[in-house]
1. So in the stretch 269-325, with the set limited to residues that are at pLDDT 90 or above and polar (S, T, N, Q), which one is nearest to Ala209 (Cα to Cα)?
2. Do any helices (runs of 4 or more DSSP H) lying entirely in the stretch 234-325 carry at least 1 residues that are surrounded by fewer than 12 Cβ atoms within 10 Å (Cβ to Cβ) and hydrophobic (A, V, I, L, M, F, W, C), and which ones are they?
3. Tally up the residues in the stretch 140-171 that are in contact with a Gly (Cβ under 7 Å, 6 or more places away or on another chain) and more than 19 Å from Ala219 (Cα to Cα), please.
4. Collect the residues in the stretch 93-140 that are assigned to a loop (DSSP other than H, G, I, E, B), open to solvent by 50 Å² or more (accessible area, probe 1.4 Å) and either without any contact (Cβ under 8 Å) to a residue 24 or more places away in the chain or closer than 22 Å to Ala300 by Cα (or both), keeping them in residue-number order.
5. Would you mind listing the helices (runs of 4 or more DSSP H) fully within the stretch 1-88 where at least 1 residues are closer than 21 Å to Ala219 by Cα and at pLDDT 95 or above?
6. Across the stretch 23-79, which residue is most open to solvent (accessible area, probe 1.4 Å) among those that are without any contact (Cβ under 8 Å) to a residue 12 or more places away in the chain and more than 19 Å from Lys295 (Cβ to Cβ)?
7. Name the single residue that is least open to solvent (accessible area, probe 1.4 Å) among those in the stretch 179-199 being free of Cβ contacts under 8 Å to residues at least 12 places away in the same chain and not small (Gly, Ala, Ser).
Amino acid sequence: MEATTGLALYRMQVELRYFEQRAYDLFLQSLVKGTSHLSLGQEAIAAAFGVAMRADDYTFATYRGHAHTLARGVPMGPVLAELLGRSNGLMAGKGGSMHLTSVEHGVMGSYAIIGAHLPIACGAAWSAQYQETGQVAVVFFGDGTTNIGAFHEALNFAVIWQLPVVFVCENNLWMEYTRTTSITAVKQPAADRAGAYGLEPVLIDGNDADVVHEAAVAALEKARSGGGPTLIEALTYRHGGHSRADPAKYRPQEEVDAWLARDPVPMYRERLISAGVDSAVLDAIEAEAQAAVDKAAEEAKAGEVPGPELLFKDVWADGGSSWRN
């Protein structure tokens, strides 16, 4: 891994980690409206794809989409303000944590309906193929999505049309509160099913940013050159519960401890130091990330609560025949 890329991967992972830690703190202060689904522990996946993707590529994420949104270059301030339900938020405070979207940055939405975004990602990939833009759609989803019909429909469609789309299963072992293997016929819910659609199984360590980045570059190049879709299963682990309302007491402590010992952020820091990077350089990256999060938090908290004048802005009206903005 080139030093420049390695530092970019570390910076991204640190920024994502600090951002979500602050989001959790604000939740405990009752400032985050509704619940939120954090990806603490899964940063290597979002960071690696964020570094590897082209600026005009498409990202489709689940409701656990803070990291994927930020990884595409969306500023922290508007994202954090959106979590707080403020009018200076990414979606004027009306979308919240589960619906982050920034078309400007290629973030085509975070979807709360399990599996709903996979066929939509195929549509974006199809448009890119038709217009010969060279763009690639990357769609992220959890292990539970692999038991949803849309997963199989999207894969079948993508292979038949050889679409420039990359499917990324973030397998954190638990489908909300249920262990994935207890209700899934195969051990690896994505990789073991790849062959059914004529795809090579790709099973990687989702906590190793270098491994994920290598897989991302290969899949993106394949899609961009007309080679069709790739299905990647990245093994990872969320540090907390399914959502902030979930204490995650159902998970064995020894399992949690084993995965915490493989935390992608300190693991990558140690790798860079072993490769000769001065720890002072990494300290500076961490300090800059902390300052950016502090600034974003102040910007977010300074925002106004959306007023009633926004109630009918950016919504379908007149029976769906017109759009108000």
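1. Here the answer is Ser274.
2. Working: elements: 253-260, 264-274, 279-302.
Filter on the stretch 234-325 gives 253-260, 279-302.
3. Within the stretch 140-171, residues that are in contact with a Gly (Cβ under 7 Å, 6 or more places away or on another chain) and more than 19 Å from Ala219 (Cα to Cα) number 3.
4. Once the filter is applied, which keeps residues that are assigned to a loop (DSSP other than H, G, I, E, B), open to solvent by 50 Å² or more (accessible area, probe 1.4 Å) and either without any contact (Cβ under 8 Å) to a residue 24 or more places away in the chain or closer than 22 Å to Ala300 by Cα (or both), the stretch 93-140 yields Lys94, Ile113, Glu132.
5. Values: elements: 3-28, 43-52, 66-71, 76-83.
Because the criterion is at least 1 residues that are closer than 21 Å to Ala219 by Cα and at pLDDT 95 or above, the helices (runs of 4 or more DSSP H) in the stretch 1-88 that meet it are 3-28, 43-52, 66-71.
6. In the first step, residues of the stretch 23-79 are kept if they are without any contact (Cβ under 8 Å) to a residue 12 or more places away in the chain; the result is 25, 28-30.
Now narrow it down to the ones that are more than 19 Å from Lys295 (Cβ to Cβ): 28, 30.
Working: Leu28: 107, Ser30: 84 Å².
The selected residue is Leu28.
7. Val186
The values are calculated or read from the model by the stated rules, or taken from the named source; none is laboratory data. Note that the structure is predicted; figures quoted are calculated from it, not measured. Methodologically, a virtual Cβ is constructed for each residue, glycine included, from the backbone with ideal geometry; neighbour enumeration extends over all protein chains shown. Side chains are part of the model used for accessible areas, which takes the heavy atoms of the whole protein and leaves out ligands, DNA and RNA. Shrake-Rupley method; radii C 1.70, N 1.55, O 1.52, S 1.80 Å.
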